[in-house]
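Comments concern the structure below.
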Amino acid sequence: MKYLIINGSPRKKNTWAMVKRAKAILGDSEFEEIQLMKEKIPMCNGCFKCFMEGEDKCPHHDLINNIIEKIREADGLIIACPVYAMNVPALLKNFFDHTAYLYHRPEFFDKKALVFVSTAGAGHKDVAKYIDETLRHWGFNKVYKAPIACGGKEHLETMEIDKATEEFKKDIESNKLHNPKFMDLIFYNVWRAMAVCEDPIKADAEYWKSTDLVNHEFAPAIKLNPIKKGFGKIMFFILKKVIK
Ligand SMILES: Cc1cc2nc3c(=O)[nH]c(=O)nc-3n(C[C@H](O)[C@H](O)[C@H](O)COP(=O)(O)O)c2cc1C
């Protein structure tokens, strides 16, 4: 298996130790680690080009696309970061800002992720939840989380790291794709309906049509159960009317 690790800590300490432990559990696999600090990604300048004209028009496209390509090639993604001022560190937030177009044009429907968040005492659960939500907006099929308060302790809470990593590993090896949550179906169909409205965002309309996602209640790689399929159909019908 091939795992891509994106580390949002500027130093190699608590978060790094969590990843190190996970790597030992994941065992005989290929790991590539991206230290966002070293990527030196300039701040998103809010030009809207990724949304309106396509992500390739982003002035920092080469740097961002290099990471996106690695996510495409990986069997699993690990995102690790500390809590800074009760949120993700700016390093990770800046990367997420550059990928906001993926909310409009989700693509990672067959991918699974593992999220590690370390903190002194607070904010870890909310930060892990935020990263989970971000990845699901990108289309991610399943996100496992281990948010840990390290406090002044010498050792990490290893049980939580081990449990999340083992579940993540088992799930990746199973090749099973999970049915989306209702919220995922709603967001998918919001952007699908936006792509067919009278005056769509050009880049979005092209993406939804060229991938043929526009004709599906959810990504066809995932076999929806009848309830979710019906829900997707109804959502698309309603959202088209609302957006019109
Ligand atoms: C700038 C900064 C802001 C932080 N903000 C918080 C915070 O809001 N809440 C908290 O409990 N810990 C906070 N911490 C502590 C870190 O989240 C914690 O020590 C973390 O485990 C560091 O991870 P690292 O060793 O991978 O850098 C902060 C640390 C720094 C440097």
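Quick notes on this structure:
- Note on the chain: Rg/Rh from C-alpha atoms, Kirkwood Rh, equals 0.98.
- Percentage relative contact order, the chain, counting C-alpha pairs under 8 Å, at least six apart: 19
- For residue 143, nonlocal amide neighbours, meaning residues 5 or more places apart or on other chains whose placed amide H falls under 5 Å from its own, are 113.
- Percent accessible area from carbon and sulfur atoms, the chain, protein chains only, probe 1.4 Å: 55
- Overall shape of the range 182-243 was characterised from the C-alpha gyration tensor. The equivalent ellipsoid obtained from it has semi-axes of 19, 14, 8 Å, in decreasing order.
- Length-normalised contact order for the range 1-80 - Cα pairs under 8 Å, 6+ apart - percent: 51
- Residue-normalised accessible area of the chain, expressed per residue, 1.4 Å probe, Å²: 51
- Formal net charge of residues neighbouring residue 180 (Cβ-Cβ distance under 9 Å; K, R +1; D, E -1): +2
- About the Cα centre, charge dipole magnitude for the range 87-164 (Lys/Arg +1, Asp/Glu -1 at Cβ), debye: 180
- Check: the chain dipole with +1 on Lys, Arg Cβ and -1 on Asp, Glu Cβ, in debye: 520
- The local environment of residue 205, defined by Cβ-Cβ distances under 14 Å, has a net charge of -1 under the rule Lys, Arg +1 and Asp, Glu -1.
- Among the listed pairs 169/209; 70/240; 57/209; 38/228, those whose Cα-Cα separation exceeds 31 Å are 169/209; 70/240; 38/228.
- Within the chain, percent of DSSP bridges classed antiparallel, to nearest 5: 5
- This model, with +1 at the C-beta of Lys and Arg and -1 at the C-beta of Asp and Glu, gives the range 182-243 a dipole about its Cα centre of some 280 debye.
The values are calculated or read from the model by the stated rules, or taken from the named source; none is laboratory data. None of the values given here were measured: they were computed from a predicted structure. A quick note on method: Cβ atoms are made from the backbone with ideal geometry, for glycine too, and the neighbour counts reach across all protein chains shown. Protein only, heavy atoms only, side chains kept; ligands, DNA and RNA dropped before computing areas. Shrake-Rupley method; radii C 1.70, N 1.55, O 1.52, S 1.80 Å.
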